[in-house]
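Data block below; observations after.
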Amino acid sequence: MTSITVSTAISTGRVQLVNVRQRSLLVAKLRVYLVAALFTFIGVVALCRIAWLGLAGEGADRTAEFDGQVPRGEIVDRNGVPLARAFPAYSLWFNPRALGDGPALVKSPAEVAAALLRIFPDEDLAALTAKLASGKPQYLRRRIMPEDANRIHALGEPALEFPRENERYYPQGSMAAHVLGYVSADGRGHVGMEQVYDKALTDPATRGNPAVLSLDTRVQGALEDELMRGIQMSAAKGAAGIVLDVDSGEIVALASLPSFNPNLIDQANVGNIFNRVTNQVYELGSTFKPITVAAAIDAGVIADMSRRYPSGAPLKIGGYEIHDSHNFGASLNVPEALIHSSNIVTAQIADQLGGPRLKSVMESLGMNARPQIELPAKGFPLWPRGEKGQWARITTMTVSYGHGLAVTPLHLASAYAALVNGGIWRPATLHKLAPNQIPAGRRVFKAATSARMRQLLRMIVVDGTGKKADAAGYRVGGKTGSAEKPGAGGYRKTSLIATFAAAFPMDRPRYVVIAMLDEPQGTQATSGQRTAAWNTAPIVGRVVPRIGPLLGVMPDATRDIDISDLSPLVANGEGE
């Protein structure tokens, strides 16, 4: 029998190889379990830390500050230029528990506050010191530059943190601030379109689409620039201005000065947040005279432009007397009365028209209600009530030339649009409108009356009180208004509201321009005069050539509105 011999060396080697593989697999499994356990431990520690912070309250105040700090959608002008946008920025946060249970700061609160003051010279030393000494988590400053964050880091104070957050930024600075408003620390919009659009700008479903305004930043900048120049030249308290599309009601520019910078709202002068264009009502004086004349033409009270009205002596009504700024002669016709800005003649026209008809026209122009605009702050007119709702005879006369009825400059802009666009009143809007979105409006004046008013307004600029608004080639028409401000015991002769209400080009009106100065003074730059002819008419005369080409209206010296049928009726001269 043959015996079979098996090598024990080979079999032993195979067994050893199997054992090595088993040990390797076991080690690998142990390593996986160890890594998983480590990550689990880290996760549990992190969750415990978060829970502890919540219970201890360290992050409570800061979390409250972050409430509402969701990214906001953009606001842009009609051409897509950004007016308000969200961007990531650093803030300076005080975390008194950064060092655990030890002192909040390495150095004393006074020393740290002094060091911060060297970085931010505009801060208040006492206020900073008090915040650092309070031991309360809080913001020390919102929106700091990266280089400032580096300087703060170099102070070696762990309690001074600078988290990155979404901040609201206004690339144009103070431009159109009264339209835009601002966003407060809690992430809510206030005052302007930030408040109007607040929900849409923060809703995840809609904030991706920018809110498009009717403003044109180029026109807005020109208007603000010239109004500020007018303030400086006349030493006025403030100014207001509007550029309005006469056919759609879109506001292309709206300015209230002095303004504020919404990027620095914590340091802004609260008084400057008040909007003179939409929230403050004024007696706008002789700018109302064309409205009265248009109402009288519509009613057939004025049928003959050559008819003369006595003007040589004050008009006595009961115990009142109505005066003109100058003696313009024994009589005036309608074109002359507007050119010279005669209160006496306008009052006679209103008397013949009658209170009910004049009141009805003013109501149709929205003068008895808050202005129709999206902004939240809208002033209510000071509307004459009268006995049983009827105006007294003297009220009718004074309202006809802009006294006794106080409205906003926006009311006036919408009224002038109706005067020149064919007679249709439309509400003003800050939304950019597509052609199919333009409201039909309501008819206030006949088309023929509007055509006549375009002639008369142009004549005021060519021959009358609006001469300084005449911009070569732009066919500007308009009316001055210089009204004394009411005060205790009557009107204050030393305080005026000076306004020029205009439209251009008068052969095919496209835009209304309103410029108003609050309490202008007679200065060397205005030849010592305080009236609209000397201070606000020139503002319009400078604004129109700047904005015309931007809006597609080019100067053309070969064109003008035909006033040949009225020119022979007028003797040249100036009034207010």
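List of remarks:
- When segment 352-409 is limited to residues that are under 32 Å from the mean Cα position of the chain (by Cα) and assigned to a strand (DSSP E or B), the one that is nearest to V277 (Cα to Cα) turns out to be V407.
- Boolean, A434 is in contact (Cβ under 8 Å) with a residue 40 or more places away in the chain and over 27 Å from Y401 (Cβ atoms): no
- Of all residues in segment 192-210, those satisfying the criterion of being open to solvent by less than 40 Å² (accessible area, probe 1.4 Å) and within 13 Å of E374 (Cβ to Cβ) are G192, M193, E194, Y197, D198.
- Given (1) more than 28 Å from N535 (Cα to Cα); (2) open to solvent by less than 30 Å² (accessible area, probe 1.4 Å); (3) modelled with pLDDT of 95 or more; (4) not in a helix (DSSP H, G or I), index of the condition P439 fails: (2)
- Within segment 88-121, tally of residues that are more than 15 Å from K136 (Cα to Cα), assigned to a strand (DSSP E or B) and hydrophobic (A, V, I, L, M, F, W, C): 1
- Criterion violated by N327 - all others in (1) open to solvent by 40 Å² or more (accessible area, probe 1.4 Å); (2) more than 20 Å from I460 (Cα to Cα) satisfied: (2)
- Of residues in segment 442-467 being among the polar types (S, T, N, Q) and assigned to a helix (DSSP H, G or I), the one nearest to D247 (Cα to Cα): S450
- Note on segment 497-511: among residues that are over 24 Å from the mean Cα position of the chain (by Cα) and either at pLDDT below 95 or under 15 Å from S248 (Cα atoms) (or both), the one that is surrounded by the most Cβ atoms within 10 Å (Cβ to Cβ) is P509.
- Breaking point among (1) closer than 19 Å to A185 by Cβ; (2) over 40 Å from the mean Cα position of the chain (by Cα), for G156: (1)
- Complete set of residues in segment 92-151 that are over 30 Å from V183 (Cα atoms) and in contact with a Leu (Cβ under 9 Å, 6 or more places away or on another chain): L99, A104, L105, V106, K107, S108, P109, A110, E111
- Any chance F288 is aromatic (F, W, Y) and either modelled with pLDDT under 95 or over 17 Å from P371 (Cα atoms) (or both): no
- Matching residues, segment 512-541, being in contact with a Pro (Cβ under 6 Å, 6 or more places away or on another chain), surrounded by 24 or more Cβ atoms within 10 Å (Cβ to Cβ) and either farther than 17 Å from G464 by Cβ or among the aliphatic types (A, V, I, L, M) (or both): I514, M516
- Test: residue in segment 50-71 that is of a type in the set (V, I, T), modelled with pLDDT of 90 or more and surrounded by 12 or more Cβ atoms within 10 Å (Cβ to Cβ): no
- When R458, R443 are checked against the criterion of being closer than 17 Å to K289 by Cα and among the charged types (D, E, K, R), R458 stands alone in meeting it.
- The single condition among (1) open to solvent by less than 30 Å² (accessible area, probe 1.4 Å); (2) more than 25 Å from D507 (Cα to Cα); (3) touching a residue at least 24 places away in the same chain (Cβ under 8 Å); (4) of a type outside the set (K, R) that P384 does not satisfy is (3).
- Test: residue in segment 287-297 that is under 40 Å from the mean Cα position of the chain (by Cα) and open to solvent by 10 Å² or more (accessible area, probe 1.4 Å): yes
- Criterion (over 19 Å from L264 (Cβ atoms), surrounded by fewer than 17 Cβ atoms within 10 Å (Cβ to Cβ), among the hydrophobic types (A, V, I, L, M, F, W, C) and out of contact with any Phe, Trp or Tyr (no Cβ under 6 Å at 6 or more places or on another chain)) met by exactly one of A130, A104, A185: A130
The values are calculated or read from the model by the stated rules, or taken from the named source; none is laboratory data. Not measured: the values here are computed from a predicted model. Reconstructed Cβ throughout: ideal geometry from the backbone, glycine too, with neighbour counts over all protein chains shown. Accessible surface is based on the protein model in full, side chains and every heavy atom, while ligands, DNA and RNA are left aside. Shrake-Rupley method; radii C 1.70, N 1.55, O 1.52, S 1.80 Å.
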